[in-house]
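See structure below.
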Amino acid sequence: MNKQITGAGTVGKALEIIDAIATLDHPARFSDIQQKCDYPKATLYRFLQILTIQGMLRYNDETHCYSVGLRLVEMAHKAWQQSSLAPIAAPILINLSKEVEETVHLAQMETGQVLFVDKYRTSDRFETLAQAGRVAPAHCTGVGKAILAFLSERRFNVAMSRQSFNSFTPMTHLNAETLMEELEEIRLDGIAYDREEHEQGIISIAAPILTTKKRVIGAISIATTTNRHNLESIKKFKPILMESTKSIGEAATAWQFPQTQ
């Protein structure tokens, strides 16, 4: 077998190819994948064959395109059930979304970034960049800041070291100093806000999900537009938001939610 696809790098290469296909919003041609994965044609083709045989990818003989395979979908669903807050939080989030009539996001932290694991909308009045399965920076999102503020010292230091402080809007934190100041306020108030920091025209109020032992395992945000609300008016959502995060935290503790980094 070609040395390029043996040894410790094999799994990493396979995952990179799967990720390249999964992140496209359409079935991928070989040329699409090659643009994202800089491997020799023969090596890339061999990987695609193996992943297709294993059911991780699906190949359409008519369109000559690759897409995510059924086996990968099944694995993702099992992971969602076993390690995500989503199944526990779902009924609470549905009720919350109906009550506030705004978009509700559920997020967890992965390697210092925010992973949106679920989303509920009550209307099509507006859409946000946050979608289930997508990753966003922690330093400029309500859920991200809510989680950062309540991390243990070790987890906090790791997460902060992975913040890029890229600017998305004029309101985005550009350095650790200003973010740290806001995190102190969040620890005192128990609530975080997205002040159009990630997306112009979108604001949110967010709260951390804490277990009964006060370990942060995620966050919920209620997101809306500046056409519908302002930062003062969304404060009215604080009581029901805190009640929802408390209920999820208690349920997750009883379920023995796995330790996350």
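Values in this text are rule-based calculations from the coordinates and carry no lab data. Quantities reported herein were computed from a predicted structural model and do not represent experimental measurements. Note: ideal-geometry Cβ built from the backbone for every residue, glycine included; neighbour counts use all protein chains shown.
Observations on the structure shown:
- Cβ-Cβ FRET estimate between Arg154 and Asp61, R0 fixed at 30 Å, reported to 0.05: 0.05
- 0 to 90° range, to nearest 10: angle between helix 41-53 axis and the chain longest Cα axis: 70 degrees
- Positive minus negative residues near Gly249 (Lys, Arg vs Asp, Glu; Cβ under 10 Å): +3
- Rel. contact order, % - alpha carbon contacts under 8 angstrom, at least six apart, segment 3-74: 30 percent
- Under a model in which nothing but the beta-carbon of Lys, Arg (+1) and Asp, Glu (-1) is charged, segment 14-96 shows a dipole of about 160 debye around its Cα centre.
- Integer Hz, Karplus 6.51/-1.76/1.60 couplings in order for segment 140-148, x for Gly and Pro: 10, 10, x, 5, x, 5, 4, 6, 3
- Environment charge of Lys36, counting only residues whose C-beta is closer than 11 Å and scoring Lys/Arg +1, Asp/Glu -1: -4
- Between the Cα long axis of helix 238-254 and the first principal axis of the chain there is an angle of about 50°, rounded to the nearest 10.
- Entry note, the chain: the mean residue ellipticity at 222 nm calculated from DSSP H runs of n ≥ 4, each adding -39500 (n - 2.57), is -13000 deg cm²/dmol after division by the residues and rounding to the nearest 500.
- Full extension of the chain between Asp25 and Lys214 gives 64.2 nm of extra length, using 0.36 nm per residue less the Cα-Cα distance.
- The amide H of Arg134, built 1.01 Å from its N in the peptide plane, has Phe116 as neighbours under 5 Å, considering only residues 5 or more places off or on other chains.
- Length gained when the stretch Glu250-Thr169 is fully extended (0.36 nm per residue, less Cα-Cα span): 25.6 nm
- Highest mean packing first, where packing is the average number of other Cβ atoms within 10 Å per residue, the peptides 88-100, 228-240, 200-212, 136-148 line up as 136-148, 200-212, 88-100, 228-240.
- Karplus-derived 3J(HN,Hα) values for segment 207-212, using 6.51 cos²θ - 1.76 cosθ + 1.60 with θ = phi - 60°, are 9, x, 9, 10, 6, 5 Hz; glycine and proline are entered as x.
- Based on Cα contacts under 8 Å between residues 6+ apart, the chain shows a relative contact order of 15 percent.
- Given R0 = 51 Å, the distance between the Cβ atoms of Ile50 and Glu232 translates into a calculated FRET efficiency of 0.35.
- Compared with the direct C-alpha span, the chain from Met180 to Ala76 gains 34.0 nm at full extension, assuming 0.36 nm per residue.
- Applying the Karplus relation 6.51 cos²θ - 1.76 cosθ + 1.60 with θ = phi - 60° to segment 29-37 yields 3J(HN,Hα) values of 7, 4, 5, 5, 5, 5, 5, 8, 10 Hz, where x marks Gly and Pro.
- For the pair Gln35 and Thr10, a Förster radius of 30 Å applied to the C-beta separation gives a FRET efficiency near 0.90, rounded to the nearest 0.05.
- Reference-scaled alpha-carbon Rg (2.2 N^0.38 Å with N residues) for the chain: 1.12
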